[in-house]
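The values are calculated or read from the model by the stated rules, or taken from the named source; none is laboratory data. Predicted model only: the values in this text are computed from it and were never measured. Counting neighbours? That spans all protein chains shown, and the Cβs are built from the backbone with ideal geometry, glycine included.
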């Protein structure tokens, strides 16, 4: 019984920690959203794809589009596979 209580407490701490991390990340994403797209692009260019995708999901569409327009075309093409996982029917019409 004691082990179950400790496991539950550890799980609760993990959830609280993850929630705090996400809130911190969202605050940071709000800052990037308030920046000029050129300035934000210089910073997020160094983000991992995973983190950049979370930022793009967080931003309103217009801001995300402005940011994507300033990134390298090859990276945007790679990110597009994650942002729009549905296969383009024209791609398979070879």
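Overview of values
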| read-out | value |
| --- | --- |
| Residues satisfying the stated conditions in region 31-48, i.e. surrounded by 12 or more Cβ atoms within 10 Å (Cβ to Cβ) and touching a residue at least 12 places away in the same chain (Cβ under 8 Å) | 32, 33, 37, 40, 41, 44, 45 |
| Residue match in region 30-38 (condition: within 13 Å of the chain's Cα centre (by Cα), more than 18 Å from residue 69 (Cα to Cα), part of a helix (DSSP H, G or I) and modelled with pLDDT under 95) | yes |
| Any hit, region 43-58, residues being at pLDDT below 95, out of contact with any helix residue (DSSP H, G or I) (no Cβ under 9 Å at 6 or more places or on another chain) and part of a helix (DSSP H, G or I) | no |
| Top-ranked residue in region 59-70 [being outside any helix (DSSP H, G or I) and touching a helix residue (DSSP H, G or I) at 6+ places or on another chain (Cβ under 6 Å); ranked as nearest to residue 82 (Cα to Cα)] | 59 |
